[in-house]
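Student: Handing you this structure, nothing more for now.
The values are calculated or read from the model by the stated rules, or taken from the named source; none is laboratory data. A quick note: this is a predicted structure, and the numbers were derived from the prediction, not measured. Ideal geometry is used to build each Cβ from the backbone, glycine not excepted, and the neighbour counts take in all protein chains shown.
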Amino acid sequence: MLHALEKTLMPLAEKLGKNKILIAIRDGFLITTPLIIVASLFLLFNNFPIPHWVEFWNGILGSQWQSWFANVSRSVFNLVGFLSCFGTAYAYGRQLDTDAIQAAGVAIVAFIILTPTDLVLKGGTSIVGLDTEYLGTNGIFLGLVVALVAVQLYAFAAKRGWTIKMPDGVPPAVADSFAALIPSGLVMIVFFFVRIFVGMTSFGTVHNFIFEILQTPLKGAGNTLFAQVIYGLACTLFWSFGINGPAVANSVFGPITKVLTMENLDAFQAGKTLPNIFTDPFSNFFTNFGGGGSTLSLIIVMILFCKSQRIKQLGKLSLIPGIFGINEPIIFGLPIVLNPIILIPFNLVPLMNLLISTAVTKLGIIPYTNGVALPWTTPVGFSGYLSTGSWVAAVYQILLLILGCLVYYPFIKILDNNYLKEEADATDKKDETDDISFDDISFDDL
Amino acid sequence: MKVIFILDQIQAGFGGKERGDLPLGGKKLAIGAVDMFTNFLPAVDATVLATLYCGDDTFMADPQTVTNKLVAMCHKLAPDVVICGPAFNYEKYGMLCATVATALEAHGLPAVAAMSQECEAAISEYRNQVTIVKMPKKGGIGLTDALQKILTLAAMKVKKEDTSAFAAANCY
């Protein structure tokens with residue numbers, strides 16, 4: 001069965017893994033993610049889930065302190081669509097082997113060309129400015145679409161050598177700056193017409209158009225338990241064959257989860273009701289503990305209940321990395337990859353966590369996640385508290401971790417008993433230990 | 001055929017990158033990542049004679065001594081072939097695999113190394129001296145294929161078949 005599964009999944013992983021557009025979107029988010037994490041910390045400080053927090057700091061820093069912090073979080077969150085456009089355009093430029101930074105530059109110009117720049121103030125006067133409504137979360141998908149189209153056009157023109165030729169003797173730096181002229185001009189002219197054309201339709205702006213026909217339906221499809229089950233299974237199933245599952249699954253789900261997460265962040269920042277369950281923090285901190293497959297539960301069982309030397313020792317060595325979400329030592333050291341016994345709970349536990357966490361959230365026992373982008377290495381307990389502001393969520397995480405141990409237990413015991421038998425056999429058969437000692441070995445033995 | 005595997009600390013199940021100082025050791029068993037090969041061993045009629053392991057930093061600190069000791073131990077245990085890998089994209093482990101495999105073959109023991117293209121230094125230094133099977137990096141696509149190719153090449157070497165066509169297609 002494993003073999004059949006692998007035969008179906010491999011080509012899929014290969015297709016997704018080699019698709020330049022998906023790679024560009026994924027790598028583009030890698031550029032924005034650190035910015036979101038740092039800004040999240042500022043937002044978290046502004047809204048720390050402790051009673052009288054704000055009053056406490058008002059007393060020390062004065063009442064304006066929240067605006068200091070808000071300005072940092074706004075500089076990222078309210079521009080996240082714009083930043084996604086930049087990141088994706090740069091990454092796509094790299095993929096297409098063209099001048100990436102120039103391509104990214106013209107892509108953000110194209111994005112702004114599509115954005116309304118006349119703001120009507122309350123009194124009826126109008127000023128030139130940018131409404132962050134267009135540049136933030138609502139602009140993520142538009143940012144991606146613009147980045148891909150603009151860079152494609154740019155690379156098309158650049159590859160055909162549509163440049164202005166400089167006479168001999170012009171320094172290369174000067175000549176290079178003109179190399180981008182016609183490709184950039186092509187992009188800007190195309191978006192100039194796109195804006196005019198869409199302006200004549202009932203959508204009014206390209207922002208509205210993409211938001212309604214792409215972002216809203218895709219977000220709706222991703223914000224369902226069914227989609228999350230597919231996502232979760234993809235993450236672990238691919239790992240079963242040694243393929244980095246989240247890397248494959250995120251290439252499809254990444255933009256959607258990003259939108260869901262950012263919507264919660266926006267609401268959190270504005271002090272409104274949090275709209276979505278299935279955010280990044282939810283899937284990072286309430287479906288998996290200690291890395292993909294929720295292997296922290298496995299490590300705990302290995303340490304507490306396994307008897308074979310190898311498993312016990314590996315468990316102990318893997319505990320500290322596991323607490324911080326790193327499970328490389330057991331993925332290959334146990335191993336989990338291509339291990340038909342451990343693969344069962346490896347796939348089941350995250351699925352179980354997902355179903356229970358969804359139910360528990362829907363029942364209101366734990367709050368919705370605030371969307372704050374904590375580093376994925378944040379340990380269990382802390383992550384639950386910080387991502388929801390609720391101690392109950394932290395305690396719930398621990399309970400879920402223990403439940404995971406129960407599921408892993410029978411499977412790792414099978415492996416443990418096999419290893420114990422092997423270790424005993426090896427000792428019996430050779431009437432010596434199965435350890436090989438290098439103490440007495442030297443090159444002179446050759 | 002009787003096979004010895006040579007692993008680093010991660011593949012052998014002795015922890016992560018932070019455990020690179022693991023001293024040389026071994027078990028007369030298939031341990032750690034060798035279990036990934038379990039289902040493919042019967043196809044080439046292979047049994048695991050032993051798994052030797054060494055921390056990647058231990059190797060890098062004194063490559064010559066570690067290589068000598070591993071070669072000497074392999075001679076003592078007398079396998080039909082030694083598999084140095086799979087090293088994925090672990091560069092230090094890749095260097096260990098290429099170095100030791102080259103030394104083993106120089107001393108008359110068939111050996112196969114395997115690593116992903118990220119281990120550039122090892123590949124460029126040793127590709128002409130020993131067969132290094134192409135494999136995906138950690139989390140990359142095509143692991144099971146690569147594992148089977150490693151075993152196929154090992155079996156060909158044991159039977160003293162001509163490996164040049166196979167190596168041209170599957171090695172660096």
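Student: Give region A:219-235 a look and list any residue that's more than 14 Å from A:Asn288 (Cα to Cα), surrounded by fewer than 16 Cβ atoms within 10 Å (Cβ to Cβ) and in contact with a helix residue (DSSP H, G or I) (Cβ under 7 Å, 6 or more places away or on another chain), or say none.
Tutor: Scanning region A:219-235 gives A:Ala221, A:Leu225.
Student: Would you list the helices (runs of 4 or more DSSP H) that sit entirely within region A:208-284 and hold 2 or more residues that are within 30 Å of A:His3 (Cα to Cα)? Steps first, answer last, please.
Tutor: Numbers: elements: A:216-222, A:225-240, A:245-270.
The helices (runs of 4 or more DSSP H) meeting that bar are A:225-240, A:245-270.
Student: Given the structure, is A:Ile320 assigned to a helix (DSSP H, G or I) and farther than 25 Å from A:Thr388 by Cα?
Tutor: Values: assigned to a helix (DSSP H, G or I): yes; farther than 25 Å from A:Thr388 by Cα: no.
When the stated conditions are applied, A:Ile320 does not pass them.
Student: Within region B:124-134, does at least one residue satisfy the condition of being within 14 Å of chain A (Cβ to nearest Cβ), more than 20 Å from B:Val34 (Cβ to Cβ) and either aliphatic (A, V, I, L, M) or surrounded by 18 or more Cβ atoms within 10 Å (Cβ to Cβ) (or both)? Walk me through how you get there before you give the answer.
Tutor: Taking region B:124-134 first, the residues within 14 Å of chain A (Cβ to nearest Cβ) are none.
No, region B:124-134 has no match at all.
Student: Within region A:347-365, identify whether any single residue is without any contact (Cβ under 8 Å) to a residue 60 or more places away in the chain, crowded, with 16+ Cβ neighbours inside 10 Å and within 22 Å of A:Phe268 (Cβ to Cβ), and answer yes or no.
Tutor: Yes, because at least one residue in region A:347-365 is without any contact (Cβ under 8 Å) to a residue 60 or more places away in the chain, crowded, with 16+ Cβ neighbours inside 10 Å and within 22 Å of A:Phe268 (Cβ to Cβ).
Student: Of everything in region B:12-47 that's under 15 Å from B:Leu70 (Cβ atoms) and under 17 Å from the mean Cα position of the chain (by Cα), which residue is surrounded by the fewest Cβ atoms within 10 Å (Cβ to Cβ)?
Tutor: Residues of region B:12-47 that are under 15 Å from B:Leu70 (Cβ atoms), as a first pass: B:12, B:22-27.
Next, from what is left, pick out any that are under 17 Å from the mean Cα position of the chain (by Cα): B:12, B:24-27.
Numbers: B:Ala12: 28, B:Leu24: 20, B:Gly25: 17, B:Gly26: 25, B:Lys27: 23.
So the residue we want is B:Gly25.
Student: Here's a follow-up. Take the residues in region A:370-411 that are polar (S, T, N, Q) and more than 19 Å from the chain's Cα centre (by Cα), then tell me which one is farthest from A:Ser73 (Cα to Cα).
Tutor: So in region A:370-411, the residues polar (S, T, N, Q) come out as A:370, A:377-378, A:383, A:387-388, A:390, A:397.
From what is left, the residues that are more than 19 Å from the chain's Cα centre (by Cα) are A:390, A:397.
Working: A:Ser390: 22, A:Gln397: 28 Å.
Result: A:Gln397.
Student: Here's another thing I want to ask about it. Taking only region A:293-309 into account, find how many residues are closer than 13 Å to A:Ile342 by Cα and within 26 Å of the chain's Cα centre (by Cα).
Tutor: First, the residues of region A:293-309 that are closer than 13 Å to A:Ile342 by Cα: A:293-295, A:297-299, A:301-302.
Okay, now just the ones that are also within 26 Å of the chain's Cα centre (by Cα), so A:293-295, A:297-299.
Adding up the residues that qualify gives 6.
Student: Is region A:287-297 home to any residue that is over 24 Å from B:Lys17 (Cβ atoms) and within 14 Å of chain B (Cβ to nearest Cβ)? Reasoning before the result, please.
Tutor: If we filter region A:287-297 for residues that are over 24 Å from B:Lys17 (Cβ atoms), which is where we start, we get A:287.
Still in the list and also within 14 Å of chain B (Cβ to nearest Cβ): none.
Within region A:287-297, none of the residues are over 24 Å from B:Lys17 (Cβ atoms) and within 14 Å of chain B (Cβ to nearest Cβ).
Student: Oh, and also: Search region A:382-397 for residues that are in the same structural domain as A:Gly325 (by TED's automatic domain parsing) and outside any helix (DSSP H, G or I) and pair each with any residue that is among the polar types (S, T, N, Q) and crowded, with 18+ Cβ neighbours inside 10 Å when their beta-carbon atoms are under 9 Å apart and the residues are at least 6 apart or on different chains.
Tutor: Close Cβ pairs (under 9 Å, with a partner that is among the polar types (S, T, N, Q) and crowded, with 18+ Cβ neighbours inside 10 Å) amount to A:Gly389/A:Asn47; A:Gly389/A:Asn370.
Student: Considering only region A:424-446, state which residues are at the interface with another protein chain (Cβ under 9 Å from one of its Cβ atoms) and either closer than 30 Å to A:Ile356 by Cβ or modelled with pLDDT of 80 or more (or both).
Tutor: Across region A:424-446, the qualifying residues are A:Asp435, A:Ile436, A:Ser437, A:Phe438.
Student: Of all residues in region B:48-90, how many are part of a strand (DSSP E or B) and surrounded by 23 or more Cβ atoms within 10 Å (Cβ to Cβ)? Please lay out each step first, then the result.
Tutor: Going through region B:48-90, the residues part of a strand (DSSP E or B) turn out to be B:48-53, B:81-84.
Narrowing the set further to residues that are surrounded by 23 or more Cβ atoms within 10 Å (Cβ to Cβ) leaves B:50-53, B:81-84.
So the count comes out to 8.
Student: Inside region B:135-172, can you point out the residues that are in a strand (DSSP E or B) and within 13 Å of chain A (Cβ to nearest Cβ)?
Tutor: Once the filter is applied, which keeps residues that are in a strand (DSSP E or B) and within 13 Å of chain A (Cβ to nearest Cβ), region B:135-172 yields only B:Gly139.
Student: Find all pairs meeting these conditions: Cβ atoms under 8 angstrom apart; at least six residues apart or on different chains; first residue within region B:24-35 and more than 7 Å from chain A (Cβ to nearest Cβ); second residue surrounded by fewer than 24 Cβ atoms within 10 Å (Cβ to Cβ) and not in a loop (DSSP other than H, G, I, E, B).
Tutor: Close Cβ pairs satisfying both conditions: B:Ala30/B:Phe37; B:Ala30/B:Thr38; B:Ala30/B:Val48; B:Val34/B:Val48.
Student: Something else about it: Scan region A:149-172 and give yes if some residue there is within 23 Å of A:Asn78 (Cα to Cα), in contact with a helix residue (DSSP H, G or I) (Cβ under 6 Å, 6 or more places away or on another chain) and of a type in the set (A, V, I, L, M), otherwise no.
Tutor: Yes, that holds for at least one residue.
Student: Please specify each residue of region A:240-269 satisfying the condition of being modelled with pLDDT of 90 or more, more than 13 Å from the chain's Cα centre (by Cα) and not acidic (Asp, Glu).
Tutor: A:Asn264, A:Leu265, A:Ala267, A:Phe268 - these are the residues of region A:240-269 that are modelled with pLDDT of 90 or more, more than 13 Å from the chain's Cα centre (by Cα) and not acidic (Asp, Glu).
Student: Tell me which helices (runs of 4 or more DSSP H) are completely within region A:70-164 and hold 2 or more residues being buried (at least 20 other Cβ atoms within 10 Å of the Cβ) and touching a Cys at 6+ places or on another chain (Cβ under 8 Å), or say none if there are none. First the steps, then the outcome.
Tutor: Numbers: elements: A:80-95, A:100-113, A:132-135, A:140-159.
Ranges flagged: A:100-113, A:140-159.
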